[in-house]
Every structure is written in structure tokens, then in C-alpha cells.
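Student: I have a structure here, written as C-alpha cells, and I will follow up with some questions on it.
The values are calculated or read from the model by the stated rules, or taken from the named source; none is laboratory data. Treat the numbers as computed from the prediction; the structure is a model and nothing was measured. Don't worry about glycine lacking a Cβ; one is built from the backbone with ideal geometry, like all the others, and counts go over all protein chains shown.
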Amino acid sequence: MDFKLTTEEESFRQEVRQFVKENWDPKGFDAHTLNVRAYDFDNAESRAHDDVFIKKLVDKGWYTMSWPKEYGGQDAPVGIQMVYGQELSYAGAPGGSPGSNITGALMFHGTDEMKDYFLPRMARNEIDWAQGFSEPNAGTDLASLQTRAVEDGDDFVVTGQKIWSSASHFANWYHVLVRTDPEAPKHRGITYLAMQIKDDDGNQTEGVTLRPLYDFLGRRRWNEVFMDEVRVPKNLMIGEVNRGWYAAMTTLNFERTGGAAASAGSLGVLDRFVAEMRRTKFAGVSPLKDPLVRHKLADLRITLETDRMLAYRVAWMQAKGDVPQAEGAISGYRSQLTAKFHFWPTLAKIIGDYSALLKGESRAPANGIYGTNNALAMTIGFGGGGGILLGPNIIAQRGLGLPR
Ligand SMILES: Cc1cc2nc3c(=O)[nH]c(=O)nc-3n(C[C@H](O)[C@H](O)[C@H](O)COP(=O)(O)OP(=O)(O)OC[C@H]3O[C@@H](n4cnc5c(N)ncnc54)[C@H](O)[C@@H]3O)c2cc1C
């Protein structure tokens, strides 16, 4: 494959870079260095600040560039999408397309009525989706979920409990997996629903109760979501009754892509880290004077570049119309390993004891974003529908054809 960008891609990269430079200033918020794990992820002010920038992407016509033309997008070639995603990510700016991974499921499995309602609103960033898949006894083994839905006239009546629903206290809509046939084999009795959990005035839907879940730094990251006989009209079903599992897999496959943007995001953090360390002195000396530190940073950069090349291969295959299942898993798994075991721990080690300081503490380098806390959340909630340890399973089964 050819790793070089085309002339068109290169000139588009310059255009995006200039646009981001003129329009994005993080204003001290750290909301995108680590996707849902970043420090200000649950900060309402930071979210409002993001919305201002996203509105500019909408006005520019870029926000839905990856969408098919029939849904108001531009069908942008994979290379152009990749360049765009990388530039935003490198700068630590908010995601450049309607963020929810439900987009693909709606396009492939939604009814025309649903597409007409949701897609234009999502294109204008007016819908805040939360994802209701995990339950207390259904995480990696998602198909064990027990939240029940019973048909009653034109509605489903939903009762049960979800857990780890990220930022669902900001959401007005919830995409949720429910069990509609308890007798069927577990993958075949599941239905996928869109549920309105908040009205336009901000009132929670009747029967929906959110209980906050805080992370170890006290940030309200998730909620437990309790549903007590919540009525969901049947025309909000995504796909067919009892076949929700297959529609939901479209959602999870969307979660497992985007590797090139992720490594560009880490490269951006690394470049800003080096600039910061140039100005920083520990005991009167910049850490960059230490040859061992310089060696570690060079090693890290090579690793990130390798990750980026693997992600390019995935994009290149997609551009040819191939489905890069094993290649996507290899690229995703590598970048998870890099982030958790290499990238954040290396930065934390270089700043030593300062890595224990949090945002808001005056001596925390770069206001605390390089702290040890960053590596911790990565083991479990990574990359959609399962933890870091699932990568080798997917590679073994879909890449090497090994038995389950
Ligand atoms: C930051 C974050 C945000 C999240 N946001 C959401 C959200 O918005 N909506 C939502 O529905 N869920 C969300 N989750 C939940 C996430 O999807 C689950 O945590 C994940 O599916 C793992 O489930 P679990 O926590 O029950 O762990 P378990 O399934 O109990 O897994 C525990 C450990 O065992 C390993 N393991 C389990 N099964 C296997 C296997 N077969 N082979 C090898 N290893 C295995 C896992 O890799 C993991 O290390 C989020 C989680 C995090 C951390």
C-alpha cells in the first residue's frame, strides 16, 4: 500500500489545520485527550464550549462529511475523512462527526420515519444519545442482559436496570437493548429500542430514574439507569423484534473503528508534552536534558507512528471496499496496549511524583492531564463491547481462523 497522502488529501489537511487553529481553543478544558475518560468529560461548561465549536463544523458542512449523500452527507472518501479526524484529534478538539455510535445502526436498520426524525437533528448536534447496553450481570457477556420489554398495544413496556451509561444525565435519548423473548436462545430474544429519556424542557421521562456513579476522582461519569414500566412506542424499534442483537452489532463495530484519529490524538498530546517539558524544570533542570528520558520519548514516538501505519492499513482496506475485521482488531488492540501500558505510564514516569497531582493543583504539569490516573480506566471500558483482553480473541478467531 501507499502510505503517502494524495495531493488532494494533503491540501485538505492544511485547510482543516488552519480552520482548527483559528477556531479551537480548549480554554483549559481537558475533554478529548482520552475520549470518555478525559478529565472534563462530565463538565457542563466544557460541553457547552464544545458545542460552540461543533456548530462551526456544522456550518462549514464538515460535520456529516462521512455520511452518505442521501442522508445529507458528502460521502467523503476514506482518506479525506481520515485526514479530517486526525487533525481534530491531534489538536484535542471535539469529534468531527455526529458522535454517537448509533448512527450506523439507524442508517442500516432504522425505518424511514426514524431516519427522517433523528438524522437531521443529529446532523445539527441537537440530540444527545446515551448508550444503555451494560447491566450489572451483563458486561463483556452482553447477551446475558435481563432488562425486560413486554408488548402492549402500540408500545413496549420496559422494566429493568442498566449500568455504566456514560454521561446519561446529559442525554435526551437512550439506545437500549432489552429482552423481549426470555425463552429464546440468549442472542435471539433481544430487541433494540430508541427511548426518549428527557423531554425538550429537560424533564426525565416517567418511570426513568438515574442514580449517579462517580469515578475515583469524584467525577459523575456514568449513571445507573432504572426503568420502571417505561412506555416506548413500537415505531422506535431499531431493526426487528427479537433481532436487536444484529442491529446492535452495527453499533459496536462503529465503536471499534477510528484508530488513525486515536493515534493522532496521542501524537498531539506527546508534542504538547515535549513543549511543556522544555519549559519545566525539576530541581532546576528540564527533564529533557536526561538522555534516558529522550530515549523513552523517541521510543514512544516510533510506537505511535507504527500504530498510525496499522490504522492507515485499515483505512486503505476500507477505501478498497474490503472489511478489515482482523486488521481492525489488530490496529485497535495495539493502540489500546500502547495507551495503557506505554503512552500514559511513560509520561507519568517522566514527571515522577508530580503525576499524582490533579487538575487544579498549582504544581501539576499541564494542569494535571499527564497524571497516573489516565492509564487506569483503560482496562475495561475500551473499544466497545468488552475490555482490552478481548482483542486477542477477535484476532485469533477472525484473523487466524482458530476455533472458539
Ligand atoms: C469509561 C467507561 C465508559 C463506559 N460507557 C458505557 C456506556 O455508555 N454504555 C454501556 O452500556 N456501557 C458502558 N461501559 C461499560 C462497558 O461496556 C463494560 O464495562 C464492558 O463491557 C465490560 O463489562 P464489565 O464491566 O461487566 O466487566 P466484565 O465483563 O466482568 O469483565 C471483567 C474483566 O474480565 C475480562 N473478560 C471478560 N470476559 C472475557 C472473555 N470472554 N475473554 C477474555 N477476557 C474476558 C474483561 O476483559 C475484563 O478485563 C463503560 C465502561 C467504562 C469503563
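Student: Would it be correct to say that GLY139 is surrounded by fewer than 24 Cβ atoms within 10 Å (Cβ to Cβ), more than 27 Å from GLY160 (Cα to Cα), within 16 Å of the ligand (Cβ to nearest atom) and not acidic (Asp, Glu)?
Tutor: No.
Student: Which is surrounded by 18 or more Cβ atoms within 10 Å (Cβ to Cβ) and not hydroxyl-bearing (Ser, Thr, Tyr), of ALA247, ALA283, ALA275?
Tutor: Result of the check over ALA247, ALA283, ALA275: ALA247.
Student: Let me ask something else about it. Just for segment 9-26: of the residues that are charged (D, E, K, R) and surrounded by 11 or more Cβ atoms within 10 Å (Cβ to Cβ), which one is farthest from VAL78 (Cα to Cα)?
Tutor: ASP25
Student: Regarding SER100, is this residue within 16 Å of the ligand (Cβ to nearest atom) and assigned to a loop (DSSP other than H, G, I, E, B)?
Tutor: In short, yes.
Student: Let me ask something else about it. For segment 160-179: of the residues being part of a loop (DSSP other than H, G, I, E, B) and surrounded by fewer than 23 Cβ atoms within 10 Å (Cβ to Cβ), which is farthest from the ligand (Cβ to nearest atom)?
Tutor: ASN172
Student: Check ASP116 against each of (1) over 19 Å from ASP51 (Cβ atoms); (2) in the same structural domain as ARG17 (by TED's automatic domain parsing) and name the one condition it does not meet.
Tutor: Result: ASP116 fails condition (2) only.
Student: Just the residues that are among the charged types (D, E, K, R) and surrounded by fewer than 18 Cβ atoms within 10 Å (Cβ to Cβ), please, taken from segment 315-347.
Tutor: LYS320, ASP322
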